[in-house]
């Protein structure tokens with residue numbers, strides 16, 4: 001952005017200033033997300049700080065009153081997330097002030113985010129364009145019903161470190177850009193499965209601890225049947241426990257599988273973009289489809 005963003009903002013009777021999200025106390029960030037009902041644990045905040053960058057708004061006595069982050073995927077693309085403002089500040093321009101600072105840092109990059117209902121108007125005012133809804137499905141997981149065995153030549157197995165390069169290459173068409181740094185970090189902290197046909201990867205899935213339990217995602221596959229095949233072992237592993245899946249699919253076989261496993265739609269956000277060529281990839285022969293997101297912040 002061409003216009004310089006002011007370093008301070010006067011709100012009611014006090015003044016706020018920017019600080020680096022990495023420099024503030026982790027428990028303050030956790031308290032901020034609790035205040036707005038978000039499920040992030042302190043550990044989840046730390047994970048995001050290790051993967052991305054951001055700013056917080058501090059008041060006169062150094063309380064964290066707001067946050068906004070961005071997560072680069074290469075030099076020309078980033079996802080945005082963790083835009084939170086304290087409930088008392090949600091109508092006085094703090095969120096826009098934070099977003100303008102983030103956009104100034106991301107100048108020249110194409111951007112993607114997932115907007116809550118409350119934030120859509122703000123993002124539209126900053127020229128973001130709505131693309132598609134994301135359905136946040138969650139609940140106490142149930143063991144999925146048995147299905148027909150995979151065709152001959154297919155194998156589902158836990159991924160090994162030697163599979164990471166194949167996962168990164170496979171994921172790029174579904175996510176629309178390559179994200180090796182983030183996938184490597186996710187790989188290290190997740191339980192990962194792959195579906196192979198004659199030793200060639202045709203689907204992968206990851207799950208990790210998050211919020212109230214675990215999150216299943218990302219899940220990418222060449223077909224819905226293959227997506228279900230790699231999602232199944234995660235649901236089986238977490239049967240009887242809290243599990244969350246963020247997906248663009250409201251209907252169809254994958255959505256039905258998720259909901260039959262005890263994970264109904266809990267909330268809906270909207271994927272929005274700024275810049276060209278940053279919506280999710282288009283399915284096609286030999287191209288992966290992203291059936292579940294890693295998170296709403298990272299896509």
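The values are calculated or read from the model by the stated rules, or taken from the named source; none is laboratory data. Keep in mind the model is a prediction, meaning the values are calculated, not measured. Quick reminder, even Gly has a Cβ in these numbers, built from the backbone with ideal geometry, and neighbours come from all protein chains shown.
Please go through the stretch 230-253 and give me each residue that is within 10 Å of residue 205 (Cα to Cα) and surrounded by fewer than 22 Cβ atoms within 10 Å (Cβ to Cβ), ordered by number.
Of everything in the stretch 230-253, those that are within 10 Å of residue 205 (Cα to Cα) and surrounded by fewer than 22 Cβ atoms within 10 Å (Cβ to Cβ) turn out to be 232, 233.
Going by the conditions given, is residue 279 touching a residue at least 60 places away in the same chain (Cβ under 8 Å), part of a loop (DSSP other than H, G, I, E, B) and under 26 Å from residue 80 (Cα atoms)?
yes
For the stretch 192-205, indicate whether the set of residues that are surrounded by 18 or more Cβ atoms within 10 Å (Cβ to Cβ), in contact (Cβ under 8 Å) with a residue 60 or more places away in the chain, within 25 Å of residue 111 (Cβ to Cβ) and not assigned by TED's automatic domain parsing to the domain that holds residue 41 is non-empty.
no
Pick out the one residue from 180, 144 that is in the same structural domain as residue 286 (by TED's automatic domain parsing), surrounded by 15 or more Cβ atoms within 10 Å (Cβ to Cβ) and closer than 23 Å to residue 50 by Cβ.
Of 180, 144, the one residue that is in the same structural domain as residue 286 (by TED's automatic domain parsing), surrounded by 15 or more Cβ atoms within 10 Å (Cβ to Cβ) and closer than 23 Å to residue 50 by Cβ is 180.
With the condition kept exactly as written, say whether any residue in the stretch 22-30 is at pLDDT below 95 and either part of a loop (DSSP other than H, G, I, E, B) or surrounded by 12 or more Cβ atoms within 10 Å (Cβ to Cβ) (or both).
The answer is no; no qualifying residue exists.
Return the total of residues in the stretch 75-119 being over 17 Å from the mean Cα position of the chain (by Cα) and either surrounded by fewer than 17 Cβ atoms within 10 Å (Cβ to Cβ) or within 19 Å of residue 5 (Cβ to Cβ) (or both).
Of the residues in that region, 27 qualify.
Somewhere in the stretch 125-135, is a residue surrounded by fewer than 14 Cβ atoms within 10 Å (Cβ to Cβ), more than 20 Å from the chain's Cα centre (by Cα), outside any loop (DSSP other than H, G, I, E, B) and modelled with pLDDT of 95 or more?
So far as the stretch 125-135 goes, yes, one or more of its residues are surrounded by fewer than 14 Cβ atoms within 10 Å (Cβ to Cβ), more than 20 Å from the chain's Cα centre (by Cα), outside any loop (DSSP other than H, G, I, E, B) and modelled with pLDDT of 95 or more.
Looking at (1) closer than 25 Å to residue 151 by Cβ; (2) modelled with pLDDT of 95 or more; (3) over 18 Å from the mean Cα position of the chain (by Cα); (4) surrounded by fewer than 19 Cβ atoms within 10 Å (Cβ to Cβ), which is the one condition that is false for residue 223?
For residue 223, the failing item is (2).
Provide a single number: the residues in the stretch 144-168 that are at pLDDT 95 or above and not in a strand (DSSP E or B).
10
If you scan the stretch 38-65, which residues turn out to be surrounded by fewer than 19 Cβ atoms within 10 Å (Cβ to Cβ), in a loop (DSSP other than H, G, I, E, B) and under 17 Å from the mean Cα position of the chain (by Cα)?
38, 39, 41
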